[in-house]
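To start, the structure itself, in structure tokens.
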Amino acid sequence: MNRNISKVMFVVTVAASILGFGFPSQGPRGTLLQLAESQAAADEIVVARGPQRSISEAPVMKGGSIGSRFTAAEVSQAIAAHNRARAEVGATPLVWSHELAIYAQKWADHLASTSRRMEHRPRSGEWKQVHGENLFMGTAGYYRITDAVAMWHQEKSAYRGEPIDLSTVSTYGHYTQLVWKNTKRVGCGKALGNGNEFMVCNYDPPGNFIGQTPF
């Protein structure tokens, strides 16, 4: 693939105990997806690039009581999308957390303003990860939080009900965090950087524990 083509993607992430990579596949609306194994509780990340729209079309919003740049309408959409996926497997609904949204927004801002690439919070230091996490990156002005949740949910087809295992979690880790039985709260943030929109969702209690099942 020509590296000058805008849809070329590269993703790097350090896992809690291993480093792993997925393979490109065709996603919704002709976007390209590339999956990589993540860190923390064996969560994972998605990188997506789509047809470019003007960055000026992407709204800049104040956080207020929400805790992040998502609007109240977007929060409702995020919660509804998460809870539809959870209802399919009998998991209890999630509620929005102001504190988690603040936490997620800080990392989204950090990614957009510094590395401008997909990477999870580290295991130690100032940015230490203490929650479950799903990440998404897409061309600014093109993707919404419901698109991010839908892409994470697509991994349901790869999950067969087995306990979480490092050798297979790269194929379903987004999905299993989405529906993890013990998770009660979610908060998400978003930020623009280098022509892309970064979305971060954090979960408490976290999921994807090795040897356990999500529901």
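The values are calculated or read from the model by the stated rules, or taken from the named source; none is laboratory data. Here the structure is a predicted model, which is why all the values come from computation and not from measurement. No Cβ is skipped: glycine too gets one built from the backbone with ideal geometry, and neighbour counts run over all protein chains shown. Accessible surface is based on the protein model in full, side chains and every heavy atom, while ligands, DNA and RNA are left aside. Shrake-Rupley method; radii C 1.70, N 1.55, O 1.52, S 1.80 Å.
Quick notes
- Solvent-accessible surface (1.4 angstrom probe) belonging to I210, in square angstrom, nearest 10: 100
- Look at the Cα gyration tensor of the stretch 67-180: its axes a ≥ b ≥ c give a/c of at least 1.5 with a/b at or below b/c, and that counts as oblate.
- Among the chymotrypsin sites (Phe, Trp or Tyr not before Pro) in the stretch 127-173, those placed in a DSSP loop whose Cβ has at most 14 other Cβ atoms within 10 Å are W127.
- Protection proxy ranking for 80-93, 175-188, using the average of other Cβ atoms within 10 Å per residue and placing the highest first: 175-188, 80-93.
- DSSP-assigned coil residues among GluC sites (Glu not before Pro) in the stretch 109-215, each with at most 11 further Cβ atoms within 10 Å: E126
- With both residues required to sit in the stretch 154-209, DSSP beta bridges show an antiparallel share near 100%.
- About its Cα centre, the dipole of the stretch 137-197 is roughly 280 debye, where the only charges are +1 on Lys and Arg Cβ and -1 on Asp and Glu Cβ.
- Computed from the C-beta positions of S65 and K106, the FRET efficiency with R₀ = 25 Å rounds to 0.90.
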